[in-house]
Amino acid sequence: KAGVTQTPRYLIKTRGQQVTLSCSPISGHRSVSWYQQTPGQGLQFLFEYFSETQRNKGNFPGRFSGRQFSNSRSEMNVSTLELGDSALYLCATRLRTGGGDTQYFGPGTRLTVL
Amino acid sequence: GENVEQHPSTLSVQEGDSAVIKCTYSDSASNYFPWYKQELGKRPQLIIDIRSNVGEKKDQRIAVTLNKTAKHFSLHITETQPEDSAVYFCAAESSTLGRLYFGRGTQLTVWP
């Protein structure tokens, strides 16, 4: 099976712009989670989608949003970009929410905000 | 919600020594505990996991122990090698909340 893919892999934006990142899960996986990773901050949970519904949400401002499509692909959007949004954005997918299923990570999208 | 604490944040060992990373969790409903390894510039990858009905699990040089009463679990790496150098993350999945909660990570450096 193909692994989790994310596009684009690298992105440079300026403050105030918006950005959309995409995540394609492993075939059959219906749960997609998004994380922000910055040096020294570990994996900060953004949100999790399952069957097109947001099931969990982390403590990020409303500028961060996401959605999931019927084919389980997911997108996350960040509006009004700030310098502090520069980070590696990782998505991770698994068969279902909860249940102890292994979560597989994508390669990430490196976002730089200038 | 769940709170996962991970210690130490950095760990340096000599090649061949053992390394131990410890995590505690707060939600007694948590029942799945994976460990991820993230090498520099790469994605986190699962190295071992344990479920709440098991106290210990081993895979070659890696082992994980779980103490449900004390709400803590640990990763043990024996006979460390330089290629074990990476950031290790523990996580706990709450059965009530249905999501994974990650620790802040441990930077392990193995010196040759």
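The values are calculated or read from the model by the stated rules, or taken from the named source; none is laboratory data. Note that the structure is predicted; figures quoted are calculated from it, not measured. Using ideal geometry, Cβ is built from the backbone for each residue, glycine included, and neighbour counts are taken over all protein chains shown.
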Scan region B:1-36 residue by residue and report those that are in contact with a helix residue (DSSP H, G or I) (Cβ under 8 Å, 6 or more places away or on another chain) and either under 24 Å from A:Q37 (Cα atoms) or in a loop (DSSP other than H, G, I, E, B) (or both).
B:E15
Answer residue from region B:86-102, given it is assigned to a strand (DSSP E or B) and touching an Asp or Glu at 6+ places or on another chain (Cβ under 7 Å) and is farthest from the other protein chains (Cβ to nearest Cβ) among those:
B:A86
Can you tell me how many residues within region A:34-52 are more than 23 Å from B:Q107 (Cβ to Cβ) and surrounded by 24 or more Cβ atoms within 10 Å (Cβ to Cβ)?
3
Filtering region B:48-61 down to residues that are part of a strand (DSSP E or B) and crowded, with 17+ Cβ neighbours inside 10 Å, which residue is nearest to the other protein chains (Cβ to nearest Cβ)?
B:D49
Among the residues of region A:51-63, what is the count of those that are more than 8 Å from every other protein chain (Cβ to nearest Cβ) and more than 13 Å from the chain's Cα centre (by Cα)?
7
Check A:V113, A:V32, A:V78, A:V4 and return the single one that is at pLDDT 95 or above, over 15 Å from the mean Cα position of the chain (by Cα) and hydrophobic (A, V, I, L, M, F, W, C).
A:V113
Restricting attention to region A:67-85, does a residue exist that is within 14 Å of chain B (Cβ to nearest Cβ) and surrounded by fewer than 17 Cβ atoms within 10 Å (Cβ to Cβ)?
no
Does at least one position in region B:64-76 carry a residue that is under 19 Å from B:A19 (Cβ atoms), surrounded by 20 or more Cβ atoms within 10 Å (Cβ to Cβ) and in contact (Cβ under 8 Å) with a residue 40 or more places away in the chain?
yes
I'm trying to understand the selection: among the residues of region B:21-36, which are buried (at least 20 other Cβ atoms within 10 Å of the Cβ) and among the basic types (K, R)?
none
Provide a single number: the residues in region A:93-111 that are under 13 Å from A:L21 (Cα atoms) and either within 14 Å of chain B (Cβ to nearest Cβ) or hydroxyl-bearing (S, T, Y) (or both).
5
Verdict on B:G105 being on the phi > 0 side of the Ramachandran plot, within 14 Å of chain A (Cβ to nearest Cβ) and under 16 Å from the mean Cα position of the chain (by Cα):
yes
The listed residue being more than 14 Å from chain A (Cβ to nearest Cβ), under 26 Å from A:V4 (Cα atoms) and at pLDDT 95 or above, out of B:E79, B:E83, B:E39, B:E15
B:E83
